[in-house]
Every structure is written in C-alpha cells, then in structure tokens.
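Here the structure is laid out as structure tokens; the discussion comes afterwards.
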Amino acid sequence: MADFSALGGNAGVAAVLFLAAADAAYNAYSATNSSPQTTELFAGDRAATLWKYVKLGHVQVIGLIGFAAIVANKQGLAMWPILGGGAVAIAMHGMYWHALQAGKQRNDQSTLLPR
C-alpha cells in the first residue's frame, strides 16, 4: 500500500480534492456530451459534431481542474485535483475515441431512420 504519511493531516483533504475533481470532470463531460454508446451509434452520421463536444468537455475540465489546482496550491495540494480530473479526462478521451472509431467502422454507417 502507498505511504501517504508525508501528507500528514492533509491526507484526507488530498483524497477529497482528488474525488471532487474527478466528480467535477465527470459532470462536465456528462453535461456536454452524449454517452460513448451514442457516439458509437451515430459516428457514421455525425462524427465531427460528436468529437467537437468531447473537445469542449476537455476545455471545461481543464478550466475547472486548473482553478481547483490554483486554490489547492495554497496548501501545497495542487497535484490532487490535477490527478483526479486528469484521470477522468484520460479515461473519457479514450472511451469517446474508441466509440468514434468503432462507430466509423460499422458496415451500415448509419443508425438513423430513413428520411
């Protein structure tokens, strides 16, 4: 198990900062994007639009986590929101990238009903 004794009494604060940043990042992506499943289903029809909103989610997360890190830096804890939000950003980028690529490779290319 990792030794967090160097954090002293701030170990609990570091954990809360990590989890709060991760939660804020998930909330930003959920407010901006459809699910990765929806991205995969509609990638053939709207890949550029779907990926645009992933990028906008990234921008929001960078802003939120950057602000949290600046505030947390006053107590030397800036790395915890960066790690929490960064882990979510990497995971979400990977999931949406996979969904987009899988959706583009579908044979039928569209799940929309005929117009």
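Throughout, read-outs are computed from the coordinates displayed, never taken from laboratory work. Because the structure is a prediction, the values reported are computed rather than measured. Don't worry about glycine lacking a Cβ; one is built from the backbone with ideal geometry, like all the others, and counts go over all protein chains shown.
Pulled fully out, how much extra length does the chain show between Thr49 and Ala11, if you take 0.36 nm times their separation in residues and subtract their Cα-Cα distance?
9.6 nm
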Completion exercise
Straight-line reach check, Lys104, cutoff 28 Å on alpha carbons, 8 or more apart in-chain or any other chain, hits among lysines -> Lys52, Lys55
Handout entry: Sequence-distant residues sharing a close amide H with Ala78 (under 5 Å, placed H)
Key = Asn73
Completion exercise
With R₀ set to 25 angstrom, the calculated FRET efficiency between the beta-carbons of Arg106 and Leu19, to the nearest 0.05, is 0.10
Problem - chymotrypsin sites (Phe, Trp or Tyr not before Pro) restricted to DSSP loop in the stretch 1-72 with at most 12 other C-beta within 10 Å - result: Phe4
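In what order do His58, His98 fall by count of nearby beta-carbon atoms within 10 Å, going from fewest to most?
Working: His58 18, His98 13.
In increasing order of surrounding Cβ atoms, one gets His98, His58.
Thinking of the chain as a set of Cα atoms, what percent of all their pairs are more than 17 Å apart?
Values: 3842 of 6555 pairs.
Here the tail beyond 17 Å accounts for 59 percent of pairs.
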